[in-house]
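S.K.: Okay, handing you the structure first.
The values are calculated or read from the model by the stated rules, or taken from the named source; none is laboratory data. Please read these numbers as outputs of a predicted model, since none were measured by experiment. For neighbour counting, all protein chains shown are included, and Cβ atoms are generated from backbone atoms with ideal geometry for every residue, glycine included.
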Amino acid sequence: MATEIQTQADVKTVAVIGAAGKMGQRVSNNLVESDFRVLFSEASPKGQELIRDLGRELTGSADAVAEADVVILAVPDVVLGKVSEELVPLMKPDTVVLTLDPAAAYAGLLFNREDIHYACAHPCHPSVFLERTTKEEWQDTFGGIAAPQEVVAAYEGGDEAKQELADSVIRVMYAPVVDVHWVTVKQLAVLEPTLVETIACMVGALLTEALHETVHTVGVPEKAARAMLLGHTQVALANTLKGSNPFSDACLIAMDYGRESIVRDDWKKVFEDDELDKVITRMLKIKEIKR
Ligand SMILES: NC(=O)c1ccc[n+]([C@@H]2O[C@H](COP(=O)([O-])OP(=O)(O)OC[C@H]3O[C@@H](n4cnc5c(N)ncnc54)[C@H](O)[C@@H]3O)[C@@H](O)[C@H]2O)c1
């Protein structure tokens, strides 16, 4: 009996705010499989219906955050300031607030309380070089279902136990997780948006636009163009990021021509602090970063 009481007391409560959203659903699906006690909160009536249809009980945000040891704010970044203003004052001292993107924390938008711990964890998504073996792993392009992924997280408080608690929630909600890398909020903001959205996702969109031009302006049959692009994209990434094979001499000349014609000479300015501030204020639709 004593052991049972001890075990009950050890169970941590995790509240998911915005549980019907894209990320809210993903993290909830994994948390319900864990030993955590999970409370689900959702503002939109349609989202609330979805949660009920999943057989999950809804808890009002105020009640959920007052009970929770860890609060996951899975709401859109543009409302994180307002939502944190409403909910952080209702939390128990020592609660861990976990956001899923660093922009709001970097911009100083989160309501601040000295006795609350703020962490942020962003999924890396399964690597393009992941050695996938099952159909489920191949289908899980986003991660969080079957394909292992890494996570980068930020916590600038000094409480190791709270960081460990955040780490244990992160490993469950983004599972299967290979590893969690801990960095500062600013470093996480340089990774996302700068490295992966401003650059990598933009390059992905550029490839899609290039395919469209090849097919619709030049008139190359779509199947041929698509096959050529997808295979060469794989080889380009393996050769550059993994060093698998050298490019041919002719390819290197074409690559130089591409860089001269397409890439601005000053493109690396996106790594400067002012530029990071510029993109984050634009993303969050705010006037300035608060420091
Ligand atoms: N979508 C992605 O691919 C992705 C990936 C990584 C991280 N993120 C981050 O995850 C967070 C959530 O993004 P998303 O894309 O899942 O958003 P979303 O728009 O899909 O979902 C947000 C949910 O929050 C609900 N909501 C809004 N205000 C609320 C409130 N006050 N109380 C309770 N619920 C409320 C909305 O009704 C909605 O269901 C953001 O910080 C985002 O940057 C998103």
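S.K.: Taking the stated definitions as given, is Phe36 touching a Lys or Arg at 6+ places or on another chain (Cβ under 6 Å) and within 14 Å of the ligand (Cβ to nearest atom)?
M.R.: When the stated conditions are applied, Phe36 does not pass them.
S.K.: Show me the helices (runs of 4 or more DSSP H) found entirely inside the range 1-105 where at least 1 residues are at pLDDT 95 or above.
M.R.: Per the criteria, 22-31, 45-53, 61-67, 80-87.
S.K.: Take the range 84-94 and flag every residue that is surrounded by fewer than 20 Cβ atoms within 10 Å (Cβ to Cβ) and near the ligand (Cβ under 10 Å from one of its atoms).
M.R.: Glu86
S.K.: Hey, among Arg282, Arg259, Arg226, Arg264, which residue is without any contact (Cβ under 8 Å) to a residue 24 or more places away in the chain, touching a Leu at 6+ places or on another chain (Cβ under 8 Å) and of a type outside the set (Phe, Trp, Tyr)?
M.R.: Result: Arg226 is the single residue among Arg282, Arg259, Arg226, Arg264 that is without any contact (Cβ under 8 Å) to a residue 24 or more places away in the chain, touching a Leu at 6+ places or on another chain (Cβ under 8 Å) and of a type outside the set (Phe, Trp, Tyr).
S.K.: Looking at (1) more than 18 Å from the chain's Cα centre (by Cα); (2) surrounded by fewer than 19 Cβ atoms within 10 Å (Cβ to Cβ), which one does Lys22 not meet, given that it meets all the others?
M.R.: In the conditions (1) more than 18 Å from the chain's Cα centre (by Cα); (2) surrounded by fewer than 19 Cβ atoms within 10 Å (Cβ to Cβ), Lys22 misses (1) alone.
S.K.: Take the conditions over 22 Å from Gln163 (Cβ atoms) and more than 9 Å from the ligand (Cβ to nearest atom) and apply them to Ala43. Does it pass?
M.R.: no
S.K.: Another question about this same structure. Please go through the range 54-83 and pick out each residue that is more than 10 Å from the ligand (Cβ to nearest atom) and of a type outside the set (A, V, I, L, M).
M.R.: Once the filter is applied, which keeps residues that are more than 10 Å from the ligand (Cβ to nearest atom) and of a type outside the set (A, V, I, L, M), the range 54-83 yields Gly55, Arg56, Glu57, Thr59, Asp63, Glu67, Asp69, Gly81.
S.K.: From the list Ala104, Ala147, exactly one residue is within 16 Å of the ligand (Cβ to nearest atom), closer than 17 Å to Val71 by Cβ and surrounded by 19 or more Cβ atoms within 10 Å (Cβ to Cβ). Which is it?
M.R.: So the residue among Ala104, Ala147 that is within 16 Å of the ligand (Cβ to nearest atom), closer than 17 Å to Val71 by Cβ and surrounded by 19 or more Cβ atoms within 10 Å (Cβ to Cβ) is Ala104.
S.K.: With the requirement that a residue be under 11 Å from the mean Cα position of the chain (by Cα) and either touching a residue at least 60 places away in the same chain (Cβ under 8 Å) or loosely packed, with under 13 Cβ neighbours inside 10 Å (or both), what does the range 133-143 give you?
M.R.: Residue satisfying the conditions is Phe142 alone.
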